[in-house]
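Asker: Pasting a structure below so you can have a look.
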Amino acid sequence: MSRRMVTIDGNQACTHVAYATSEVITIYPITPSSPMAAEADSKAAVKQKNIWNSIPVVTQMQSEGGVAGALHGSLTTGSLCTTFTASQGLLLMIPNMYKIAGELTPTVFHITARSLAAQGLSIFGDHADVYAARQTGWGMLCAQNVQECMDMALISTQASLKSRIPFMHFFDGFRTSHEIQKVEELTYDDMRAVIDDDLVIAHRKRALSPDRPMIRGTAQNPDVYFTGRETVNKYYNAVPAIIQETMDKLAGLTGRQYHLFDYHGAPDAENVVVMMGSGCETVASTVDYLVSQGQKVGLVIVRLYRPFDGRAMVNALPPTVERITVLDRTKEPGAIGEPLYLDVRAAVGEAIEANGTTIPPIILSGRYGLGSAEFTPAMVKAVFDNMVTMVPKNKFCVGPNDDVTFASLDYDRSFDIEGKDVYRAMFYGLGSDGTVGANKNTIKIIGTETDNSAQGYFVYDSKKSGSITTSHLRFGKNPVVAPYLINKANFIACHNFTFLDQYDMLRNLEDGGTFLLTTSFGAKDIWKKLPKTVQSDLIAKKARFYIIDAVSLGQALGLGARINMIMQTAFFMISGILTQEEAIAAIKKAIKKTYGNKGDKVVNMNYNAVDEAIKNIVEVKLGKTATGHELPPTVPADAPDFVKEVTAKIIEGKGELLKVSQIPDDGTWPTATTQYEKRNIAVHTPQWLPENCIQCGQCALVCPHAAIRTKIVPELKNPPAALKSTDAVGKEFKGSKFIVQVFTEDCCSCTLCVSVCPAKTKALQMIPNTEELRLTERENVKYFLDLPEIDPAKINPASIKGSQLLRPLFEFSGACAGCGETPYVKLVSQLFGDRMLAANATGCSSIYGGNLPTTPYAKRADGRGPAWSNSLFEDNAEFGLGMRFSVNKLASQAAELLQEAVSGKLITKKMADDLLQADQSTQTAIEEQRRRVAELKAKLEGKTSPIAVQLYHVADYLVKKSVWIIGGDGWAYDIGYGGLDHVLASGENVNVLLLDTEVYSNTGGQMSKSTPRAATAQFAAGGKKLPKKDIGMIFSTYGNVYIGRISLGANPTQAIKAITEAEAYDGPSLIIAYAHCINHGINMAKGLEQQKKAVACGHWPLYRYNPTLDAEGKNPLTIDSKDPSITFEEYALGENRYRALKMVNPTEADALMAQSQKDVTRSWKFLKGRAQAMEPEGEK
């Protein structure tokens, strides 16, 4: 049978089968499984049918727990169901998984195996999650590559139907889920041949139905429960044979033969590794190399992990085995060993007991690859070398350098087994510049247009955008089997010139390789602009060197910073993989497919990029000597030791070289470290024009990265020559100087500051971010930061200007350029950061707020600043409430101890009364309370009485603390809604900052219940059919919750007022902040304009609900925006999330748009009616 060869990633391969063999697919986003759910939704939106000629029902739930519950219901009533999940999402399903298995209900959950959050969150891959669910009674089948993601998805589906045991089909998150390979696509006929329809009918017959009533889920007593658990033994005993039978059936169709345990290596191997997952391919390739060198080594690949067939595993071992190392991609602290090791040891032990004459092999345990840490042939060789030492190390790790317990293996990093038959290319891009997307297309073009095997893998940290991305592309005539990063490249491209000063860009370029650089410097000038190390590497490696001014070209073509098509074209032209004509045709075909739904204008701009790129590639002759500048230090010389020794290594991309002793044991890292990471990613930065400035502070307010700031100071002593200032406006500032300082090295070039400037002639203009400018502004920034902060008593912090004269304690985050969320976080940090405790839900705000290597929450000069933590996604409200409980308890304990201290004559009654009765309603009053607490602690210092010691350590809680619960709409409207409801209903003094982007931004743009009707999103490819949840009005029904609905872009004064009132209110508050987002499909430079339109059309009415006013006999509900002045459509069609549907299905788009207008009209009438109803009697 003829089958298509397709170039896809592991998620796509799995979804191809999962969708085709399901009737009900229930989904919820979590990285890295979300693309499977999104693809299933997209297939359903275009009415693609399954193998039974029916369109599956794809439905998003509010959480993974909800998914499991809904699927349980669908399964028990006879549908064929599936879902996709990972990590904490899988753990939330565990209670229902026990039920599904206990009821012998066939289904398959497809898992992109991922780390579990422990000392920190990791979105990357290992087996911690699937191991945590191994006790549920589910079968577990592992795929090790993209082809197997497709094959094992089908095998597990049939095996589950036949055995009645539900299955987890899992593969490594990112390493397999996001790796692109050229594979053979199973046809629907293949699937029909494997799936037994009689088993489907049998599943239907077992379904609950009132036509044949039965009961499930009974409550059982001690007399039968235990016995009932033993009834399932026969089903589990049958699974291994059923899996093998299904594997054999697939082999008969495709020629790909799998076994429960596959052996690879020398038939007389003495040293054998046992493992599962993508690492098997690395071991297998290394085994082939070592066997060719005469070593007797081998590998047992575990495919069926549960039920674990110990006899089959032992039979897979060569009879000559003397030493076994079991490698686990997880860590279970406190256990005698990791899970697979325990299973193998038990299996071998039982086999030895059954055959007393057998000499038992040595069995060792090792850990590798946690959190997608690299697992290379060099590490594999170290594992085999360890087995043959006189005293092999057991329970080791390979990869980390454990200088504390010395559990790690040393390995030779230079060891390499890749041959010359594979072309290897690396591309260094800037997050959101399109590099990754272009390289995915490159791999697909090579896979489709040539006979080459192809592989693509993409490395990006979890910063939102503006960070480095590295694309690893391999292709060749033979199959590419290398699930690890490239360390010797034929071709390297650098898509951002500033990277040359920050990263060792050419360390992986092989001799005679090619280097492509985007730069504004021409061929005559570029050599002298390169760092000396880059020059030396190019000369030593005899490299070919090409340049192209992709940034200027992109701007001229209207593409802005998205230079991906220009650089992709340059790669094809230079590499010669395809002829010029073939490459152009293939690239333009990919452009049409990728951007077709964004309109002809976008398509044609990218077509022009291809044509112009060809004309602008320049080969540069290498200089004879290296005369360039030395690399600047990664972090400044005055940085703390931890930053210089630890953080700097991570910034350099060399975090894997850190030793265990250098990493914090408990996940507690220092704050205020983004100030040391100067990314220099802005192509243009703002320049302040003092003569035009009206000193309003709006530029500083909207800056997402705190890269533009204002100060008023009494005088300037010996300022740098280039520092700009002007006389401060306002009688209270007479004689003082006003400064606007741009932090050019931290700017992201979003231009929001320029667009918001209200001056008649703009007081800001964008200029090129040259090296000369950076050096000048670096000196200015240092001087600016050393200037004194303003006395809070001299300003009104509840005003735009006043708030922006306060130092931001949230700065230089990894958020997207133009981010709509971070200005709110920054504002809260300016107003309350010195006393702020922050609980942050997992999401965008936790990633840009707490992602290594550097963290943006900062400190005042006295060391005070926000204390921040992330627990999970679903529990954030409760996490923050727990903080408030602790603050309240410790404050009351301090008050009690004060009284005891008075009784014990440790302090005077006046001191205690002053502390307990102090006003703390203003910043000045809080600073005065801090002075009192300092006096108290000075009195207690050195005293040894129990009361003195206890009071000393809780005295700081006598100063007001501000608890903030921060998160996005995916958390607040969906997965965390129940917890949020409970916390707001508690009456406790917590402040909730809801950053509402109306979409799950962090996981790629999935629909939430905040998503408006008519908007498209992942999981809503056909447009959302139901209106946005009105969370503010819902919680206003409690009557005791302060609620503010705000938009900085539309009314910054109202936003600041609402935030200030919310924090001052002694009870729960909810601030719902409109945040434009890159997932809206907008030019982020226009984000504030879209915010204004959202308010003007009535989609986002501004209001404040203040219970304090109600207590005063006043109307608690104040509407702060005017009646709608434009239609919803005028606002919506400025965003691609609405336009996209109009292009593919205009009839449906128009219908949904009309309904959306009705939604807006209805909600506006409801709001005004509510405000009228809340008027006190006699005033209505």
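Asker: Filter the range 946-965 for residues that are of a type outside the set (D, E, K, R) and in a helix (DSSP H, G or I) and give the result.
Answerer: Once the filter is applied, which keeps residues that are of a type outside the set (D, E, K, R) and in a helix (DSSP H, G or I), the range 946-965 yields 946, 947, 948, 949, 950, 951, 952, 953, 954, 955, 957, 958.
Asker: Filter the range 497-537 down to the residues that are of a type in the set (Ser, Thr, Tyr) and not in a strand (DSSP E or B), then identify the one that is surrounded by the most Cβ atoms within 10 Å (Cβ to Cβ).
Answerer: The extreme case among them is 519.
Asker: Could you pull out the residue among 415, 384, 396, 427 that is of a type in the set (Phe, Trp, Tyr), touching a Gly at 6+ places or on another chain (Cβ under 6 Å) and on the phi < 0 side of the Ramachandran plot?
Answerer: 396
Quick grid of which residues meet (1) in contact with an Asp or Glu (Cβ under 7 Å, 6 or more places away or on another chain); (2) closer than 29 Å to residue 1152 by Cβ; (3) buried (at least 24 other Cβ atoms within 10 Å of the Cβ):
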{"position": "986", "(1), (2), (3)": "no, no, no"}
{"position": "996", "(1), (2), (3)": "yes, yes, yes"}
{"position": "1001", "(1), (2), (3)": "no, yes, yes"}
{"position": "1004", "(1), (2), (3)": "no, yes, no"}
{"position": "1007", "(1), (2), (3)": "no, yes, yes"}
{"position": "1016", "(1), (2), (3)": "no, yes, yes"}
{"position": "1025", "(1), (2), (3)": "no, yes, no"}
{"position": "1040", "(1), (2), (3)": "no, no, no"}
{"position": "1045", "(1), (2), (3)": "no, yes, yes"}
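Asker: Right, next: Out of (1) in a helix (DSSP H, G or I); (2) surrounded by fewer than 20 Cβ atoms within 10 Å (Cβ to Cβ); (3) in contact with a Leu (Cβ under 8 Å, 6 or more places away or on another chain), what's the single condition that is false for residue 943?
Answerer: Checking residue 943 against (1) in a helix (DSSP H, G or I); (2) surrounded by fewer than 20 Cβ atoms within 10 Å (Cβ to Cβ); (3) in contact with a Leu (Cβ under 8 Å, 6 or more places away or on another chain), the one that fails is (1).
Asker: Being among the basic types (Lys, Arg) and out of contact with any strand residue (DSSP E or B) (no Cβ under 8 Å at 6 or more places or on another chain) narrows it down to one of 1057, 1029, so name that one.
Answerer: None of the others qualify; the one that does is 1029.
Asker: Return yes when residue 86 is within 22 Å of the chain's Cα centre (by Cα), closer than 28 Å to residue 242 by Cα and buried (at least 20 other Cβ atoms within 10 Å of the Cβ) and no when it is not.
Answerer: Answer is yes for this residue.
Asker: Answer yes or no as to whether residue 159 is part of a helix (DSSP H, G or I), outside the structural domain of residue 454 (by TED's automatic domain parsing) and within 23 Å of residue 136 (Cβ to Cβ).
Answerer: Considered against the rule, which asks whether it is part of a helix (DSSP H, G or I), outside the structural domain of residue 454 (by TED's automatic domain parsing) and within 23 Å of residue 136 (Cβ to Cβ), residue 159 comes out as yes.
Asker: Follow-up question, since we're still on this one. Given the criterion closer than 30 Å to residue 607 by Cβ and surrounded by fewer than 20 Cβ atoms within 10 Å (Cβ to Cβ), identify the matching residue among 453, 467.
Answerer: 467
Asker: What about residue 592, is it under 33 Å from the mean Cα position of the chain (by Cα) and outside any loop (DSSP other than H, G, I, E, B)?
Answerer: Taking the combined requirement at face value, the residue satisfies it.
Asker: Residues of the range 57-89 being over 28 Å from residue 871 (Cα atoms), part of a loop (DSSP other than H, G, I, E, B) and touching a helix residue (DSSP H, G or I) at 6+ places or on another chain (Cβ under 6 Å), which ones?
Answerer: 78
Asker: Another one. I'd like the full set of residues that are in contact with a Pro (Cβ under 8 Å, 6 or more places away or on another chain) and closer than 14 Å to residue 377 by Cα, limited to the range 398-417.
Answerer: 415, 416, 417
Asker: Follow-up question, since we're still on this one. All but one of (1) closer than 24 Å to residue 121 by Cβ; (2) touching a residue at least 60 places away in the same chain (Cβ under 8 Å) hold for residue 978; which doesn't?
Answerer: Residue 978 satisfies all of (1) closer than 24 Å to residue 121 by Cβ; (2) touching a residue at least 60 places away in the same chain (Cβ under 8 Å) except (2).
Asker: In the range 291-313, how many are buried (at least 21 other Cβ atoms within 10 Å of the Cβ) and more than 23 Å from residue 143 (Cβ to Cβ)?
Answerer: Counting residues in the range 291-313 that are buried (at least 21 other Cβ atoms within 10 Å of the Cβ) and more than 23 Å from residue 143 (Cβ to Cβ) gives 1.
Asker: Being free of Cβ contacts under 8 Å to residues at least 60 places away in the same chain and in contact with a helix residue (DSSP H, G or I) (Cβ under 6 Å, 6 or more places away or on another chain) is the filter here; which residues of the range 1093-1115 pass it?
Answerer: 1093, 1094, 1100, 1102
Asker: Only one residue in 220, 257 is at pLDDT 95 or above, under 30 Å from residue 440 (Cα atoms) and exposed (fewer than 15 other Cβ atoms within 10 Å of the Cβ), so which one is that?
Answerer: 257
Asker: Could I ask something else about it? Checking the structure you have, find out if any residue of the range 771-790 is part of a loop (DSSP other than H, G, I, E, B), among the polar types (S, T, N, Q) and either more than 15 Å from residue 697 (Cβ to Cβ) or at pLDDT 95 or above (or both).
Answerer: No: the range 771-790 contains no residue that is part of a loop (DSSP other than H, G, I, E, B), among the polar types (S, T, N, Q) and either more than 15 Å from residue 697 (Cβ to Cβ) or at pLDDT 95 or above (or both).
Asker: Looking at 1090, 1157, can you tell me which residue is assigned to a helix (DSSP H, G or I), within 33 Å of the chain's Cα centre (by Cα) and in contact (Cβ under 8 Å) with a residue 24 or more places away in the chain?
Answerer: So the residue among 1090, 1157 that is assigned to a helix (DSSP H, G or I), within 33 Å of the chain's Cα centre (by Cα) and in contact (Cβ under 8 Å) with a residue 24 or more places away in the chain is 1090.
Asker: Hey, can you tell me all the residues within the range 289-299 that are out of contact with any His (no Cβ under 8 Å at 6 or more places or on another chain) and either assigned to a strand (DSSP E or B) or touching a residue at least 40 places away in the same chain (Cβ under 8 Å) (or both)?
Answerer: Listed by number, the residues that qualify are 289, 290, 295, 297.
Asker: Let me ask you something else. Can you name the residue in the range 576-589 that is among the small types (Gly, Ala, Ser) and crowded, with 20+ Cβ neighbours inside 10 Å and, of all such residues, is nearest to the chain's Cα centre (by Cα)?
Answerer: Taking the candidates together, the pick is 586.
Asker: Which of (1) in a loop (DSSP other than H, G, I, E, B); (2) in contact with a Ser or Thr (Cβ under 7 Å, 6 or more places away or on another chain); (3) under 25 Å from residue 1003 (Cα atoms) is the odd one out, the single condition residue 459 does not satisfy?
Answerer: (1)
Asker: For residue 871, are the conditions met, namely being buried (at least 21 other Cβ atoms within 10 Å of the Cβ) and of a type in the set (S, T, N, Q)?
Answerer: For residue 871, the condition - buried (at least 21 other Cβ atoms within 10 Å of the Cβ) and of a type in the set (S, T, N, Q) - is not met.
Asker: When the range 840-854 is examined, which residues are found to be of a type in the set (Val, Ile, Thr) and either crowded, with 23+ Cβ neighbours inside 10 Å or assigned by TED's automatic domain parsing to the domain that holds residue 926 (or both)?
Answerer: The answer is 842, 854.
Asker: Return the residues of the range 846-870 that are aromatic (Phe, Trp, Tyr) and touching a strand residue (DSSP E or B) at 6+ places or on another chain (Cβ under 8 Å); say none if nothing qualifies.
Answerer: 857, 868, listed by residue number.
Asker: A follow-up question, please. Would you mind telling me which numbered condition in (1) in contact with an Asp or Glu (Cβ under 6 Å, 6 or more places away or on another chain); (2) crowded, with 24+ Cβ neighbours inside 10 Å residue 979 fails?
Answerer: Of everything listed in (1) in contact with an Asp or Glu (Cβ under 6 Å, 6 or more places away or on another chain); (2) crowded, with 24+ Cβ neighbours inside 10 Å, residue 979 misses just condition (2).
The values are calculated or read from the model by the stated rules, or taken from the named source; none is laboratory data. Everything quoted here is computed from the prediction, not taken from an experiment. Cβ sites come from the backbone with ideal geometry, for glycine too, and all protein chains shown count toward neighbours.
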